[in-house]
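Notes for the one structure printed next.
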Amino acid sequence: MKILDILSLPLPKKTAKSVREVDYERIIDKGYDTVLFDYDNTIASWRSPFDMRNRPVIEMLLTRGIKVAVVTNAPVKRVRHLYEIFGDDVSVYHSMRKPGTKQLRRVLSEMRSVPEKTAIVGDLFLTDVIAGNRMGMYTIMVRPSFEKEVALYKRLAGWAIIALYMVFFYTIGWFFRLIDLATPHVFVESVEQVDFSKLKLAGYELVIFDFDNTLEPWRSHQLSLRTLSVLKQARDSGLKIALVSNGKNDRLDSIRESIGSVPVIGRAFKPSPRRSRRFVKETGVANHRVVVIGDQLFTDVLMGNLIGAYTIKTVPISEEEFFWTRMIRKVERLTIALLKSKGEVERV
């Protein structure tokens, strides 16, 4: 397991095209209070002055009360000018020796921050991402920042970084990304164990339930009193609710009749997030305010994580399932065993 942990270190939690396209609202809503930026190829082209297009991003974070620092392996002369732009509002640290973590720990100590509440944004998966993951930070990798006007050698360096990451991702990284996306935030035995009032207090607004083997046994045509009670608890807590299933629409018609105004979406083709994402957009609820509850890692949980929701995995109500689903369950059991061995399984 030690080898698997090491191989997963270069994989960021999120990626973005640039510093300006990172979803900072999600970071703030998740409770992160510190953001660290790499310098070269992240907030500036390699060996170039700060890219002023990124100034509004940093100023926005500062006005929201977020602590911001620049942490670079470059020498002080390359980042000294940042003090003229931001003064004392942004801490600037040079010669960090990433992916080593000694200097980063010193930075967080001086900023009175903790890794669990810190996000690090950088362009290098072999330095910024590895260092952040080693410390337990929220790691975001952006594409190297370079323009067509810059020198050819700088563009070649940027393209080389992208190519190197693509080789890593499509040989090894995809496996760890899949496992990460199929990992729920919490495991429960059944939907009755979900504390909907707690979810509402945490800021969530919409709960999407899977149907087969989550609310009712596979191929059910109606809702039991038990399920109706669970749905009522969710609604009484002030949450919007919906059912999203891969089942055929004609089987779900009777379900729609029994729960009235609650949206029931069939043929969702999970784990594809397309239909669920479109539905969430129509509700006007932000993706990070959504909870997805289902019994399958590689459909419900994977779909939920792809749209950026909070995911809850339940134990299947019955063992009766499609043949293909039974095959996937074998992979699922191995995945859960892997997560348990890494200490990533949280139960309530």
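The values are calculated or read from the model by the stated rules, or taken from the named source; none is laboratory data. Bear in mind the structure is a predicted one, so any value in this text is a computation, not a measurement. Using ideal geometry, Cβ is built from the backbone for each residue, glycine included, and neighbour counts are taken over all protein chains shown.
For the reader, a short list of remarks on this structure follows.
- So Phe279, is it in a helix (DSSP H, G or I) and at pLDDT 95 or above: yes
- If you go through the range 259-276 and keep only what is in a loop (DSSP other than H, G, I, E, B), within 22 Å of His221 (Cα to Cα) and at pLDDT 90 or above, you end up with Val262, Pro263, Gly266, Arg267, Ala268, Phe269, Lys270.
- Residue match in the range 36-55 (condition: under 21 Å from the mean Cα position of the chain (by Cα), part of a loop (DSSP other than H, G, I, E, B) and either under 17 Å from Thr118 (Cβ atoms) or of a type in the set (Asp, Glu) (or both)): yes
- Failed condition for Ser261, given (1) in contact (Cβ under 8 Å) with a residue 60 or more places away in the chain; (2) loosely packed, with under 13 Cβ neighbours inside 10 Å: (1)
- Residues of the range 119-158 classified as surrounded by fewer than 24 Cβ atoms within 10 Å (Cβ to Cβ), at pLDDT 90 or above and among the β-branched types (Val, Ile, Thr), total: 2
- Within the range 193-211, restricting attention to residues that are in contact with a Gly (Cβ under 8 Å, 6 or more places away or on another chain) and touching a residue at least 60 places away in the same chain (Cβ under 8 Å), the residue that is nearest to Ser318 (Cα to Cα) is Asp210.
- Single residue of Arg53, Arg97, Arg26 found to be among the basic types (Lys, Arg), loosely packed, with under 13 Cβ neighbours inside 10 Å and closer than 28 Å to Ile172 by Cα: Arg97
- Scanning the range 245-258 turns up at least one residue that is at pLDDT below 95, buried (at least 18 other Cβ atoms within 10 Å of the Cβ), assigned to a loop (DSSP other than H, G, I, E, B) and out of contact with any helix residue (DSSP H, G or I) (no Cβ under 8 Å at 6 or more places or on another chain).
- Looking across the range 303-326, the residues that are among the aliphatic types (A, V, I, L, M), at pLDDT below 95 and either touching a Lys or Arg at 6+ places or on another chain (Cβ under 7 Å) or assigned to a helix (DSSP H, G or I) (or both) come down to Leu306, Ile307.
- The range 56-85, subset part of a helix (DSSP H, G or I) and touching a strand residue (DSSP E or B) at 6+ places or on another chain (Cβ under 8 Å), residue farthest from Lys17 (Cα to Cα): Tyr83
- Meets criteria (in contact with an Asp or Glu (Cβ under 8 Å, 6 or more places away or on another chain) and surrounded by fewer than 21 Cβ atoms within 10 Å (Cβ to Cβ)) for Ser224: yes
- Qualifying residue in the range 20-39 (condition: among the small types (Gly, Ala, Ser) and touching a Pro at 6+ places or on another chain (Cβ under 9 Å)): no
- Considering the range 56-94, the residues that are without any contact (Cβ under 8 Å) to a residue 12 or more places away in the chain and under 23 Å from Met137 (Cα atoms) include one that is surrounded by the fewest Cβ atoms within 10 Å (Cβ to Cβ), namely Thr63.
- Residue check, Tyr32 in the same structural domain as Leu124 (by TED's automatic domain parsing), surrounded by 12 or more Cβ atoms within 10 Å (Cβ to Cβ), in contact with a Lys or Arg (Cβ under 6 Å, 6 or more places away or on another chain) and of a type outside the set (S, T, N, Q): yes
- Residues being aliphatic (A, V, I, L, M) and closer than 15 Å to Gly294 by Cβ - total across the range 200-225: 4
- Selection status of Phe269, loosely packed, with under 14 Cβ neighbours inside 10 Å and of a type outside the set (Ser, Thr, Tyr): yes
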